[in-house]
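Right, one structure below, let's go through it.
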Amino acid sequence: MNKIFQTFISSILILLSIEGFSQSKYTISGQVKDKKNGEDLIGSTIVVAGTNIATSTNAYGFYSITLPEGKYRIQYQYVGYKTINIEVDLTSNQKIDMEISEDKIELQEVVISADRPEQNVRSTEMSVNKLGIKDISKIPALFGEVDVVRSIQLLPGVSSVGEGSSGFNVRGGSIDQNLILLDEAPVYNSSHLFGFFSVFNPDAVKDVKLFKGGIPAQYGGRLSSILDVRLKEGNSKRFSGQGGIGSIFSRLTLEAPIKKDKGSFIIAGRRSYIDALLAPFLGGLPDLKGLRLFFYDVTMKANYSITKKDKIFVSGYFGKDEFGQGAFGFNWGNQTFTTRWNHIFNDKLFFNLTGYYSRYNYGLGAATTSGTEANSFKWESSIQNYSIKPEFTYYLNTKNTISFGAQSIFYNFFPGEITIKSDGKEQKRAISSKFGLENAVYISNEQKITPRLTLTYGLRMSNFNYLDSVIQKYADSTSGRNVIRRPDEIITSPGVIFQNSFWQPEPRIAIKYELNEKSSIKASYMRTAQYLNLISNTAASIPLDVWTPATNNIKPQIADQVALGYFRNFGSENQFETSVEVYYKKMQNQIDYVDNADLLLNPILEGSLLNGRGRAYGLELYIRKRTGRFNGWISYTLARSERQVNGISENQWFPNRFDRTHSASIVASYDVSKRVSLNSTVFYGSGTPVNLPTHKFLSGGNYVPQSPVNIRNNIRIPDFFRWDISLTLRKKKKNDDLNDEDLPNNFFKRLKYSYDWDLVFGVYNTLNMQNAFSIVARQDPDANRNEVPIGYIPESGTYVYQKFSVVAFFVPSVTYNFRF
């Protein structure tokens, strides 16, 4: 390992030596913020006019740019905002903080991106999609409720197994291979109501960024993607709020300064009431009387600038889902807490220290009464972790920006405990907790070799230590035995001890070459390692699924991905951006399951696991119109995702359950006027694979369907198609011709001018499509099961039926949104 680091550092020093040292140089640094509310602007661009020198602000709005002594015109740009030009006579280091305001003319043209028009061409980033909350709010949604996770499923390379399923799949990876971060704290289950809504309150979200490839070295722990969701800081200028009243839930967000321009807070809450709305209609249905089906969540954040060089942030999330009826109950939820400290050591060195706590838990219970005794059943499970992460960014010069840091994460995996009370007696059955300690260090550099050629290269070195008081030893899980195995040896120690330690170097590199001002070619390679697994053999993830760490029997997952892309802008002011990317991903140590595996509360779970390999490859097309009254995007993905596991499908490659060959989406928005806009989304996806019998054998005079060679995922469900539409009607604001700073300071007087609202009328599944979520095979063509016949398999003598559709009819909605 030391040789790897020595070689890597030597390479960096050689590359850095390209930069010369000829004349005196000085640094301009500072923060860029929104003039209206004081929010840091992520990705704001600072350009040195007349040169090809530019930089952008980091996730905390900080920038630094070093130039030779002289006079310059500096431009501060953020699309949708006014460009600010200032003259600088650079004879010493200067700190320049800038507040920029929205450009009302540009906003009327509906600019829906925060990046420069040429940013997708000039940046080394590829396989990355960024959505602002304005983008997401334009997408028609189920019940009219804006949703982050459902929105990213309309991007190339992102899919799900079906409507209403939890999580999402990226470039052929399973849902547990996505690291979902909320202000840097991981979220282990990102869904409410079994996948119909996500845990992210859109009124509290500032920025959403999805990395599908070329993942920077500061991120690790998952194979396929990083979904980085950043929360708003809160309005540091004045008290404000927003909210909405929808078909099934309402929300309210309040934000205000703690001390003007020094600190602020935001608190946002939601609560669904679908159970309350249904209650009057369920009174005559005894089977559904007393139904409980709701969720709630609270998101909050505060920040305060202690000094000009020190700023602290505290944020948290608490959410819970409840589903049950009578004495039966089922609940699950996430809790996160993040604290951060920003410190500016000097004009070139920025430091951030993050500490977080994250927990996901679920419970299942039931109770009955027998005579005078109360009988009950309760099941609880959870995963929680603590982390500390110091990060440094060093702006060496205009050609090199170096990032380095470390992270340590402690995991507590609690597989579950059952408590049973019967006839006055209580029994408990539990699987002991498992523990893990993950550590990593990283370093990376973004280097401009020439005006057209830029490299981003880095190395992440990760380590995972598995701790437990019990160790089970099995025969090799790659032996191809598709049978449940019992441990050959069980060793118990009096306390928790280190059982296994894994090390993995994770190199990352990305390269960009500009062909001209409007086009570029990019390539990237990354290796990623993952030390925890989601144990699930259902078609879609459910809240009862259990997380487990890498052990002596479960090897860490490893993936190598390469990608190549062509990026081009065209049209007036580069209003159209396009990209074509191809990728190939090879995955090691993929978990699969023997037939009839028992995964819940199984003390010898590892005896039901098989070890295999995976591969995924595809083509992604993306075209987006950024400005004008008509805007949106079109995406198309051609992809395959496969596995090979000894003991399954005759040891041959077979498609993953989430393999979707074709995916296409069209997202469009048209502003009829300042007050009225029309929005539309069309999505098509080819069917995902499932298991059905392909042959039959004679037994007792009857033919019995079977799959004699244990072929996995041999049949595909029908293709998926959905069209959603919405219309937004906005109030005509009284302050159209007033700037925010011109409004009265008194809240009630200000409310007269600032109160704003819109009504969103939507129809989800406009064409009333009955898209299949699953299919089933039956021997008799009985049409009385309310199942739709879709085919016949003569080899097995079975009829194929569409089992059910999650949303089998069009769903109208009305949502009232307000702001003040």
Answer from ILE558, ILE554, ILE511 - the residue that is hydrophobic (A, V, I, L, M, F, W, C), buried (at least 17 other Cβ atoms within 10 Å of the Cβ) and not in a strand (DSSP E or B): ILE554
For the stretch 632-657, which positions are buried (at least 22 other Cβ atoms within 10 Å of the Cβ) and in contact with a helix residue (DSSP H, G or I) (Cβ under 8 Å, 6 or more places away or on another chain)? VAL645
Could you name every one of the strands (runs of 3 or more DSSP E) located completely within the stretch 402-496 that has at least 2 residues being under 20 Å from ALA550 (Cβ atoms) and open to solvent by less than 30 Å² (accessible area, probe 1.4 Å)? 434-448, 453-473
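Across the stretch 189-214, what is the number of residues that are outside any strand (DSSP E or B), within 13 Å of the chain's Cα centre (by Cα) and of a type in the set (S, T, N, Q)? Let's see the steps before the verdict.
From the stretch 189-214, those outside any strand (DSSP E or B) are 189-190, 193-196, 199-204, 212-214; that's our starting set.
Right, trim to within 13 Å of the chain's Cα centre (by Cα) and you get 189-190, 199-200, 212.
The next check asks that each one be of a type in the set (S, T, N, Q); those that pass are 189-190.
The qualifying residues number 2.
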Taking into account only those residues within the stretch 292-327 that are in contact (Cβ under 8 Å) with a residue 40 or more places away in the chain and hydroxyl-bearing (Ser, Thr, Tyr), which is nearest to ALA268 (Cα to Cα)? THR299
So for the stretch 464-480 (the condition being in contact with a Gly (Cβ under 8 Å, 6 or more places away or on another chain), in contact (Cβ under 8 Å) with a residue 12 or more places away in the chain and of a type in the set (Lys, Arg)), does at least one residue qualify? no
When residues of the stretch 257-269 are filtered for being touching a Gly at 6+ places or on another chain (Cβ under 9 Å) and either assigned to a loop (DSSP other than H, G, I, E, B) or open to solvent by less than 10 Å² (accessible area, probe 1.4 Å) (or both), how many remain? 6
Within the stretch 652-695, residues more than 31 Å from the chain's Cα centre (by Cα), at pLDDT 90 or above and of a type outside the set (A, V, I, L, M, F, W, C) come out as GLN652, SER673, ARG675
Sort out which residues of the stretch 304-329 are part of a strand (DSSP E or B), closer than 20 Å to LYS237 by Cα and either open to solvent by less than 50 Å² (accessible area, probe 1.4 Å) or at pLDDT below 95 (or both), and write them in order of number. SER305, ASP310, LYS311, PHE313, SER315
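Quick check on SER17: is it at pLDDT below 90 and exposed (fewer than 14 other Cβ atoms within 10 Å of the Cβ)? Show your work before the answer.
Values: at pLDDT below 90: yes; exposed (fewer than 14 other Cβ atoms within 10 Å of the Cβ): yes.
Yes.
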Matching residues, the stretch 341-359, being in contact with a Pro (Cβ under 9 Å, 6 or more places away or on another chain) and open to solvent by 10 Å² or more (accessible area, probe 1.4 Å): PHE351, LEU353, TYR356
So which of ASP592, ASP598 ends up being acidic (Asp, Glu) and open to solvent by less than 30 Å² (accessible area, probe 1.4 Å)? ASP592
Could you identify the single residue in GLN427, GLN407, GLN504 that is more than 28 Å from TYR362 (Cβ to Cβ) and either polar (S, T, N, Q) or touching a His at 6+ places or on another chain (Cβ under 8 Å) (or both)? GLN504
Quick one: ILE497 ticks every box in (1) over 30 Å from ILE711 (Cβ atoms); (2) at pLDDT 75 or above; (3) among the hydrophobic types (A, V, I, L, M, F, W, C) except a single one, so which number is it? (2)
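If a residue has to be crowded, with 16+ Cβ neighbours inside 10 Å and either touching a Leu at 6+ places or on another chain (Cβ under 9 Å) or in a strand (DSSP E or B) (or both) to count, how many in the stretch 679-688 make the cut? Show your work before the answer.
The first filter runs over the stretch 679-688 and keeps only residues crowded, with 16+ Cβ neighbours inside 10 Å, leaving 679-683, 685-688.
Okay, now just the ones that are also either touching a Leu at 6+ places or on another chain (Cβ under 9 Å) or in a strand (DSSP E or B) (or both), so 679-683, 685.
Of the residues in that region, 6 qualify.
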Test for LYS428: is it closer than 19 Å to GLU506 by Cβ and either of a type outside the set (Phe, Trp, Tyr) or in contact with a Leu (Cβ under 8 Å, 6 or more places away or on another chain) (or both): no
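Open to solvent by 40 Å² or more (accessible area, probe 1.4 Å), at pLDDT 65 or above and of a type outside the set (Lys, Arg): is that true of PHE773 in this structure?
Details: open to solvent by 40 Å² or more (accessible area, probe 1.4 Å): no; at pLDDT 65 or above: yes; of a type outside the set (Lys, Arg): yes.
No, not satisfied.
Have a look at ALA256, ALA268 and point out the one that is among the aliphatic types (A, V, I, L, M) and in contact (Cβ under 8 Å) with a residue 24 or more places away in the chain.
Just one listed residue meets the conditions, ALA268.
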Quickly run through the stretch 524-551 and pick out the residues that are open to solvent by 30 Å² or more (accessible area, probe 1.4 Å), under 21 Å from ARG508 (Cβ atoms) and not charged (D, E, K, R). TYR525
Number of the condition not met by THR338 [criteria: (1) open to solvent by less than 10 Å² (accessible area, probe 1.4 Å); (2) at pLDDT below 95]: (2)
Criterion (surrounded by fewer than 20 Cβ atoms within 10 Å (Cβ to Cβ), in contact (Cβ under 8 Å) with a residue 60 or more places away in the chain and of a type in the set (Val, Ile, Thr)) met by exactly one of ILE42, ILE53: ILE53
So which residues in the stretch 524-551 are β-branched (Val, Ile, Thr) and in a strand (DSSP E or B), if there are any at all? THR528, ILE535, VAL546, THR548
Out of all the residues in the stretch 231-250, is one or more of a type in the set (Phe, Trp, Tyr), farther than 30 Å from SER123 by Cβ and open to solvent by less than 10 Å² (accessible area, probe 1.4 Å)? yes
Would you mention how many residues in the stretch 378-401 are open to solvent by 40 Å² or more (accessible area, probe 1.4 Å) and closer than 16 Å to TYR360 by Cβ? 2
In the stretch 777-797, how many residues are crowded, with 16+ Cβ neighbours inside 10 Å and either under 23 Å from SER686 (Cα atoms) or at pLDDT 75 or above (or both)? 4
Residues being more than 31 Å from the chain's Cα centre (by Cα) and farther than 17 Å from GLN94 by Cβ: count how many of those fall in the stretch 30-81. 3
Criterion first (under 24 Å from the mean Cα position of the chain (by Cα) and either open to solvent by 50 Å² or more (accessible area, probe 1.4 Å) or farther than 30 Å from ILE53 by Cβ (or both)) does GLU506 satisfy it? yes
Residue that is assigned to a strand (DSSP E or B), within 30 Å of ASP228 (Cβ to Cβ), touching a strand residue (DSSP E or B) at 6+ places or on another chain (Cβ under 8 Å) and at pLDDT 90 or above, where the choices are GLY30, GLY38: GLY30
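The values are calculated or read from the model by the stated rules, or taken from the named source; none is laboratory data. Bear in mind the structure is a predicted one, so any value in this text is a computation, not a measurement. Glycine gets a Cβ as well: all are built from the backbone with ideal geometry, and neighbour counts include every protein chain shown. Surface areas here come from the heavy atoms of the whole protein model, side chains and all, with no ligands, DNA or RNA. Shrake-Rupley method; radii C 1.70, N 1.55, O 1.52, S 1.80 Å.
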